């Protein structure tokens, strides 16, 4: 299965989601390879830290300099799960990845500009796939943790109005545990397996992959 994690806006947390999801799938016994098509190469940096610290399982990340020829020719060589991290800084790469994707996951921070960007992104997906749209998922990422703040609820309501979009109700909040884990090349559930951040990610991953049982790693 080819899954693209993408967003038009920077700072949406797509590399964090890709990194944690890839490690979650590995720990669930799945075959996983990732592609970092973003010029910032954040995912490659995270995999490098992990390798230098000797952390297992090893995360395989292929970057722009390792793609020789068309992307679809590269992906034809892989079985299992392929996760592609890409943003608008590489628009051509993003469109190519979307054109061959089985699913697209869109992390959306809770702001009106991010909702507008998501709406524009859906049009780009339609164009890149000639309206043969892959399965689309979106969820509120970096949600506020204060119960009185309404922006996350409003963002989710707005996403539900965009159509042809599976809105996952499980959110990832703006938590220190995500930032701390990345600095050490760890997933949030490796750094703090009983934390709220880990619990949120377990719920999100299960919603995206209901065929996999969480009780193997909890």
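Quick one: in the range 103-204, what % of C-alpha pairs are over 17 Å apart? The calculated P(r) of the range 103-204 puts 55 percent of pairs beyond 17 Å.
At 222 nm, what value in deg cm²/dmol follows for the chain if DSSP H runs of at least 4 each add -39500 (n - 2.57) and the sum is divided by all its residues, to the nearest 500? Calculated from helices alone, the mean residue ellipticity at 222 nm is -12500 deg cm²/dmol.
What is the range 52-127 by shape, rounded, prolate or oblate, if you read a ≥ b ≥ c off the alpha carbon gyration tensor as root eigenvalues and call it rounded for a/c under 1.5, prolate for a/b larger than b/c, and oblate otherwise? Cα axes put the range 52-127 in the oblate bin.
Of all DSSP-defined beta bridges confined to the chain, some 0% are antiparallel rather than parallel.
Each Cα pair of the range 36-94 feeds into the Kirkwood radius, which the Stokes-Einstein equation turns, at 10 °C and 1.306 mPa s, into a diffusion coefficient of 127 µm²/s. The equivalent ellipsoid of the chain has semi-axes of 24, 23, 16 Å, largest first, where each one is the square root of 5 times an eigenvalue of the Cα gyration tensor. Given a Förster distance of 45 angstrom, what is the FRET efficiency for residue 48 paired with residue 160, based on the Cβ-Cβ distance and rounded to 0.05? For residue 48 and residue 160, the calculated efficiency is 0.70.
Every read-out reported here was derived from the displayed coordinates using simple, explicitly stated rules and does not represent laboratory data. Just so it is clear, the model here is predicted, and its values are computed rather than measured. Every residue, glycine among them, receives a Cβ derived from its backbone with ideal geometry; neighbour counts consider all protein chains shown.
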